[in-house]
1. Are there any pairs with C-beta distances below 6 angstrom linking a residue in the range 6-22 that is on the phi > 0 side of the Ramachandran plot to a residue that is in a helix (DSSP H, G or I) and not charged (D, E, K, R), with the two at least 6 apart or on different chains, and if so which?
2. Quick check on my filter: what residues within the range 15-29 are loosely packed, with under 14 Cβ neighbours inside 10 Å and either within 14 Å of residue 76 (Cβ to Cβ) or of a type in the set (D, E, K, R) (or both)?
Amino acid sequence: MDTTVSWIVVASVVAAAVLAVAVAVFVRLLRTRRGLQEAGLPTGPRWVFWGALAYFFLPADLLPDPVYLDDIGVLLLALRSLRRYSRSEPV
């Protein structure tokens with residue numbers, strides 16, 4: 001019984017840590033988009049940003065929601081896409 005409780009505690013701590021990383025990447029994506037808008041730079045295809053946000057919040061995922069690795073991946077790809085698009089556009 002103690003082993004089961006230990007595994008549940010460890011799994012909960014890992015899930016909380018992964019959730020914290022997902023939220024941190026989500027906030028970074030929002031700040032990057034806001035910074036690009038304030039600087040007057042184009043923010044790239046809007047569907048990339050909104051698609052990443054929708055994927056983060058919608059319950060239908062590739063992996064179950066306690067595992068946010070797929071959400072982190074989608075958010076990182078959107079962040080990378082926004083940054084690459086901002087570098088390629090002339091001011």
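1. Note: no pairs meet the criteria.
2. 24, 27, 28, listed by residue number.
Computed from the coordinates by the stated procedures, all read-outs in this text should not be read as laboratory data. Remember, predicted model here, so these are calculated numbers, not experimental data. Glycine gets a Cβ as well: all are built from the backbone with ideal geometry, and neighbour counts include every protein chain shown.
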